[in-house]
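No lab work stands behind these numbers, since they all come straight from the coordinates. Everything numeric here is computed off the predicted structure, so don't read it as measured data. In this analysis, Cβ positions are derived from the backbone assuming ideal geometry, glycine residues included, and neighbour counts consider all displayed protein chains.
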Amino acid sequence: MTKFGRMTIPKSEDDIKKISEEIMRQEHQDVELGAEEAEEGTRMHVHGGADLSVIAHELTHIQELLLHVIQAIRELRDSVDNLDITIRKSLRALALLQVANSLSDAESRHRLLEQVSKDLGVDVKKHDK
């Protein structure tokens, strides 16, 4: 994890899980503390303490939302990487097909087409003339 000011930014899935578990644990403790205070009949008379509790609660929600944003960015980055690979393979195949069309030797053309089909994962069978 990376520290950014007071906020911890997760770098891996394990970091995200740890932070999510900590948030859930903290919220559960806050609920238990609130229930204990209600049972005892004690109330916070200091406005500042209640305000800080609300702010802390909202910040946990914001941190959880940021974790979801980070996950979405990772998924988007993976999709862009996959798209980049697909575009590169397609451009290579198009270039090789252009070269194959310009070849006059049938055997060379066939070998080049086999390479293109192998790169694309397509099965090409040789036609007998």
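A few points about this structure:
- At R0 = 30 Å, FRET efficiency that the Cβ-Cβ distance of Glu107 and Asp84 yields, to 0.05: 0.35
- Euclidean distance between Cα centres, segment 58-72 to segment 92-111, Å: 52
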